[in-house]
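Novice: Sharing a structure, written as structure tokens. Questions coming.
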Amino acid sequence: MLTADDPSPLPPSWAGGILTIDLDALAANYRSLRDRLAPGIVCAAAVKADAYGLGARKVVPVLHAAGCRTFFVAHLAEGVEIRPLLDADSTIVVLNGAMPGTEADLHAHGLVPVLNSVEQVAAWRNLARVRGTSLPAVLQVDSGMSRFGLSEDDLRAMADRPDALAGITPLLVMSHLACADEPAHPANHAQRASFLRLRDLLPPVPASLAASSGLFMGDVWHFDMVRPGAALYGINPTPGWPNPMRPVVRLQARIVQTRMIGPGTAVGYGAAFIADRPSRIATLAVGYGDGFPRAIGGHGTAILPARPEIGLPIVGRMSMDCLAVDVTELDDTPLPPGTALDLIGPHCPIEAAALAAGTIGYELLTGLGARYHRIYTAK
């Protein structure tokens, strides 16, 4: 199978599923997001979780070529992995900061930590003192999500200490919106007001509050930098409205066999599905072992690309390596072994698949496993 790193010499037919990643669409999405911003506002990119499961080694160079120069990862290991892919003109920011004892490693690899707590600030300040130099950092404040960031009490205590940021060069102050996918939610304006207040307790540096959905809420949310992630990869940043992003991912599963069953016949574990009519059932070679959610069994649909107008129900409980689809509505359409059905694609968006699984597109996308034959397309 094709990994995120290199083309595979193995035949595509050896895999049960095919994951196609459109790198041109990825680049177009980045440019589209960047072009929504006023001149001078930086459009960064979140490439954490292996670029949302799509392969950071493939994704990061494409985003760099499209003009991105600031990349956000979650962990030190993720930053180390992509550092060789980028020139010195690019900044890699580690959202979780440095775990205790790893500060020197983070600095050695040319990464910039987000300082989320007084402990992280102290550890970074100590490294700067030992090295006898000033070290760059991003400061995160907790504007109301109660997840990451310095509290107002932390900031006021730091303001009383002239040496609180000694040896630290803040590049950015940031926070994160909890409800940006619901633009009318009152928490958004409350967080923005809190962010403005907390920012005033720090040195005057560029600020960032919005990620994918926040970017679409309007200019006052953009500040000096936006940090889109999911929107880059084709997930709709404006739930309830048409998706402004180009689809990046197509997931297909191959048919292993089809069979005719009669009324009253059970399909799959636990006899969770029992046919109420003569039915034609196709078994596909993708299951929860491939990261396709087990919860989608009995709720999701598949599409035969040649008949996109017909949604084919995924029936019964999903297995580790396979799932069943009721293809009765295709009548006598030939479905030989190896035929590929779309599980995510032009006529079954990732949001619809995620909704059927009781989850969100973020979780579905990042969970797609390593067993697929991966195809990266670009002109």
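The values are calculated or read from the model by the stated rules, or taken from the named source; none is laboratory data. Note that this is a predicted model, so its numbers are computed, not measured. Ideal geometry is used to build each Cβ from the backbone, glycine not excepted, and the neighbour counts take in all protein chains shown. These area figures cover heavy atoms from the full protein model, side chains too; ligands, DNA and RNA do not enter into them. Shrake-Rupley method; radii C 1.70, N 1.55, O 1.52, S 1.80 Å.
Novice: I need the full set of residues from the range 80-108 which are under 16 Å from LYS48 (Cβ atoms) and part of a loop (DSSP other than H, G, I, E, B), in order please.
Specialist: If we filter the range 80-108 for residues that are under 16 Å from LYS48 (Cβ atoms), which is where we start, we get 80-83, 85-86, 90-99, 106.
Selection gives LEU86, SER90, LEU95, ASN96, GLY97, ALA98, MET99.
Novice: Just a yes or no: is a residue in the range 357-371 touching a residue at least 12 places away in the same chain (Cβ under 8 Å), of a type outside the set (Val, Ile, Thr), part of a strand (DSSP E or B) and closer than 26 Å to PRO12 by Cβ?
Specialist: No: the range 357-371 contains no residue that is touching a residue at least 12 places away in the same chain (Cβ under 8 Å), of a type outside the set (Val, Ile, Thr), part of a strand (DSSP E or B) and closer than 26 Å to PRO12 by Cβ.
Novice: Kindly provide the set of residues from the range 143-160 that are in a loop (DSSP other than H, G, I, E, B) and in contact with a strand residue (DSSP E or B) (Cβ under 7 Å, 6 or more places away or on another chain), ordered by number.
Specialist: Going through the range 143-160, the residues in a loop (DSSP other than H, G, I, E, B) turn out to be 143-149, 151, 160.
Passing the criteria: PHE148, GLY149.
Novice: Can you confirm whether the range 60-77 contains a residue that is touching a residue at least 40 places away in the same chain (Cβ under 8 Å), closer than 26 Å to ILE344 by Cα and not in a loop (DSSP other than H, G, I, E, B)?
Specialist: Yes, the conditions are met somewhere in the range 60-77.
Novice: Turning to a different aspect of this structure: For ALA352, indicate whether it is open to solvent by 10 Å² or more (accessible area, probe 1.4 Å) and touching a His at 6+ places or on another chain (Cβ under 7 Å). Please lay out each step first, then the result.
Specialist: Details: open to solvent by 10 Å² or more (accessible area, probe 1.4 Å): yes; touching a His at 6+ places or on another chain (Cβ under 7 Å): no.
So ALA352 fails the test.
Novice: What are the residues in the range 252-296 that are open to solvent by less than 30 Å² (accessible area, probe 1.4 Å) and in a strand (DSSP E or B), if any?
Specialist: Of everything in the range 252-296, those that are open to solvent by less than 30 Å² (accessible area, probe 1.4 Å) and in a strand (DSSP E or B) turn out to be GLN252, ALA253, ILE255, ILE261, VAL267, SER279, ILE281, ALA282, LEU284.
Novice: Could I ask something else about it? Criterion first (part of a strand (DSSP E or B), open to solvent by 10 Å² or more (accessible area, probe 1.4 Å) and under 28 Å from LEU76 (Cα atoms)) does LEU165 satisfy it? Before you say what the answer is, go through the steps one by one.
Specialist: Numbers: part of a strand (DSSP E or B): no; open to solvent by 10 Å² or more (accessible area, probe 1.4 Å): yes; under 28 Å from LEU76 (Cα atoms): yes.
Here the answer is no, as LEU165 does not meet what is asked.
Novice: A further question on this structure: For residues that are at pLDDT 95 or above and out of contact with any helix residue (DSSP H, G or I) (no Cβ under 8 Å at 6 or more places or on another chain), tally how many sit in the range 161-181.
Specialist: Number of matching residues: 6.
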